[in-house]
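Just below is one structure, and these are the notes that go with it.
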Amino acid sequence: MRCGFGIRDELELRQQAQAILKTHRVEGLLDYDYDYEVPTRSRPGRYQITSLTSNQTRIQQVEQQLGWRAYVTNAPGEQLSLPQAVLTYRDEWIAERSFHRLKGCPLSISPFFVQRDDQVKGLVHLLSLAVRILTLIEFVVRRSLQESGESLRGLYPGNPKKATQRPTAEKLLAAFKHLTLTLLKVKGEWYGDVTELNPLQNQILFCLGLSPDIYSGLVENST
C-alpha cells in the first residue's frame with residue numbers, strides 16, 4: 001500500500017510526517033515505512049510513504065490511561081489523602097473566584113494609581129482584607145440559610161420573588177445600598193435619622209449574627 005505524499009528530500013518527509021502525527025495527537029501510536037522511488041524520464045526521484053501500521057501495544061496502554069488526571073501536591077500523605085487532594089482540586093474555583101473579585105469589581109486592584117513600593121504593598125494588603133471579608137460574609141449567610149432551611153427573597157431587582165440559599169456577598173451588600181443617614185443641626189442641636197431596615201435587611205443581619213442596632217445606633221454615634 002502506498003499512502004501519504006512524495007517528497008524529494010528524506011529529512012523533509014520525516015519532518016512533515018511527524019508534524020501530521022503531532023497535529024492529530026497520535027505520536028507513538030502509528031508507524032510508517034517509506035522508500036525512495038528512482039527517477040524516470042517523466043518524473044524526478046522522490047521519497048514516498050509506502051505503509052502505515054498501528055502500534056497496538058502502545059494504543060492499549062493509552063486506552064488504559066484515558067480519563068486519567070495527574071494531581072501533584074507538596075502536602076504530605078498523612079495530611080492530605082488522595083480523595084482529599086482530588087476534592088480540594090475540584091474546589092479550586094473557589095480560590096479563583098476570590099482572585100476574580102480582587103482583579104475586577106467590586107475591588108478592582110488593577111490598574112494601580114500609586115508610585116511607591118510601600119503604597120503598592122499597602123493597597124494589596126488592604127484589598128486582600130476586603131476579599132476575606134466578602135468571602136466570610138458569603139460563607140456565614142449561606143451556612144445560616146442551610147442550617148435553618150430558609151431562603152432569601154428580594155435580592156434580584158428584576159425578579160423580587162426569586163429565592164436563593166446561595167446569595168453572593170455582592171448581592172447581600174447591594175441590599176443595603178439605599179440606606180440613608182441624615183443629620184441636621186438646629187440651633188446648636190444635632191438631630192439625625194436613619195432609614196428603617198426592611199424585612200430582607202433584617203434577615204440578612206440575623207444570618208450574619210448581627211443586631212439591627214448597628215444601623216439604628218448610627219444616629220447616636222454620629223451626633
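Computed from the coordinates by the stated procedures, all read-outs in this text should not be read as laboratory data. These numbers were taken from a predicted model, which means no experiment stands behind them. No Cβ is skipped: glycine too gets one built from the backbone with ideal geometry, and neighbour counts run over all protein chains shown.
Here the chain is assigned +1 on the Cβ of each Lys and Arg and -1 on the Cβ of each Asp and Glu. Its dipole about the Cα centre then comes out at about 600 debye. Counting only Cβ charges, +1 for Lys and Arg and -1 for Asp and Glu, the dipole size of segment 131-194 around its Cα centre is about 180 debye. Considering only Cα atoms, the convex hull volume of segment 6-64 works out to 70 Å³ per residue.
Mean projected area of the convex hull spanned by the Cα atoms of segment 75-223, taken over all viewing directions: 14.5 nm².
Rounded to the nearest 0.05, what FRET efficiency do Lys161 and Tyr191 give with R0 = 35 Å and r taken as the Cβ-Cβ distance? Could you check? Before the final figure, lay out each step's value.
Details: r = 38 Å, r/R0 = 1.08.
For R0 = 35 Å, the calculated efficiency reads 0.40.
Length gained on full extension, Ser148 to Asp35: 33.0 nm, using 0.36 nm per residue less the C-alpha separation. Considering all C-alpha pairs of segment 1-135, those separated by over 20 Å amount to 71%. Dipole magnitude for segment 176-222: computed about the Cα centre from +1 point charges on Lys and Arg Cβ and -1 point charges on Asp and Glu Cβ, it is near 160 debye. Taking Asn159, Asn202, Asn55 in turn, the Gaussian network model of the chain (Cα-Cα springs below 10 Å) assigns the largest fluctuation to Asn55.
Note on Val120 and His178: the extension gain reaches 17.6 nm, defined as 0.36 nm multiplied by sequence separation minus the Cα-Cα distance. Here the 3J(HN,Hα) profile of segment 47-59, calculated from phi with Karplus coefficients 6.51, -1.76 and 1.60 at θ = phi - 60°, is 9, 9, 6, 9, 7, 9, 10, 9, 8, 4, 4, 5, 4 Hz, Gly and Pro shown as x.
Here's the picture: charge each Lys and Arg Cβ at +1 and each Asp and Glu Cβ at -1 in segment 150-223, and of Gly217, Leu173, Leu155 the one pushed furthest to the positive end of that dipole is Leu155.
Modelled label positions at Glu170 and Glu10, each set 7 Å beyond Cα in the direction of Cβ, lie 6.3 nm from each other. Between Asp213 and Thr135, full extension at 0.36 nm per residue minus the direct alpha carbon distance yields a gain of 25.7 nm. Taking only the alpha carbons of segment 135-193, we obtain Rg and Dmax values of 16.9, 52 Å in that order. Between the Cα long axis of helix 92-103 and the first principal axis of the chain there is an angle of about 60°, rounded to the nearest 10.
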